[in-house]
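Read-outs: derived from the displayed coordinates by stated rules, not from any lab. Computed from a predicted model, the values in this text were never measured in an experiment. Ideal geometry is used to build each Cβ from the backbone, glycine not excepted, and the neighbour counts take in all protein chains shown.
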Amino acid sequence: MGQRVQILGEKCRALLQSSNQLKQAVSGIVAPSDSDEQKARKIYAAVMKLDNTRFSRTKSDAERKAEKLKPVKAAEDVWKQQSGTDDDMALLFVALGRAAGLKVWPMEVVDRSKAFFDPLYLTAGQLDDYIAILDLSGKETFLDPGQKMCPFGIMSWKHSLASGFRLSDKGPILGTTPQGVYKNALVQRTADLTVDPDGSVKGSIRYIMTGPEASTGVSSPSKTIPTR
């Protein structure tokens, strides 16, 4: 697994190299007077607006060739194309955050809807998805920019209490994401109905999901996104 950790560090550093294009992109997203949290929220919102092909579709090689799209080798490629995979989105957020002067790290974790991380099982196949860790005045906030419509500060269920490797000031280290707060996972059902004498029912029903419950609804491109 030591080799895997080294590979993780090199891969992330290659994808997250700062560039003038990313700095220009950041200047159009945040304001100099913004606090670090405001910058992070604005960058997060900007990434969420991009085409996340994990939840839409991946273009074929023929389509990419016709549109003259080059292979994604760095975060600036994702921003230029305004499109990428869920992992591309997570790493783009980290890259933009760093270009804005934020202290933010990538982390690769196991999808716990499929399995649990075993540090003694030496295989790279355990790690599935990238997330981001934002350091605000010494307090770390775990973010899930690769999950479409996942609110700022809330992790998709499959990435909570999930272990893997992250980058840090000390280099790649083993880590585990925090448990989700149950108060953030709410489902509200409200009905305003009228029952007529003949037994027919008229009215409206609202079904509102928030937090991880809502993000679960868009976790698979084969599912219809519910109205919120």
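The stretch 112-142: which chymotrypsin sites (Phe, Trp or Tyr not before Pro) are DSSP loop and have at most 12 other beta-carbon atoms within 10 angstrom? All intermediate terms of the calculation are to be shown ahead of the outcome.
Values: sites: F116, F117, Y121, Y130, F142; in loops: F116, F117, Y121.
Here the chymotrypsin sites (Phe, Trp or Tyr not before Pro) that fit, given the DSSP loop and packing criteria, are F116, Y121.
Taking 0.36 nm per residue of separation and subtracting the Cα-Cα distance, full extension of the segment from Q188 to S113 would add 24.6 nm.
Quick check on the exposure proxy: order I205, I29 from fewest to most C-beta atoms within 10 angstrom.
I205, I29
Arranged from fewest to most other beta-carbon atoms within 10 Å of their beta carbon, S137, S83 become S137, S83. The aspartates and glutamates whose alpha-carbon is closer than 13 Å to the alpha-carbon of K23, local same-chain residues fewer than 8 away aside, are E76. Straight Cα distances below 17 angstrom link K80 to the aspartates and glutamates D51, E63, E67, D88, with same-chain residues fewer than 8 positions distant left out. Beyond 20 Å between alpha-carbons counts as too far, so tell me which of K103/K158; K39/K59; K39/K103; K70/K103; K103/K148 fall in that bin. Cα-Cα > 20 Å for K103/K158; K39/K59; K70/K103; K103/K148; rest within. In this calculation the C-beta distance from L120 to I205 is compared with R0 = 41 Å, giving a FRET efficiency of 0.25.
A45: net charge of surrounding residues, Cβ under 13 Å, Lys/Arg +1, Asp/Glu -1, itself excluded? Don't skip to the end; give the middle numbers.
On the way: positive: K39, R41, K42, K49, K148; negative: D34, E37.
After counting each charged neighbour, the total is +3.
To the nearest 0.05, what FRET efficiency results for E37 and Q179 with a Förster distance of 22 Å applied to their C-beta separation? The calculated FRET efficiency here is 0.50.
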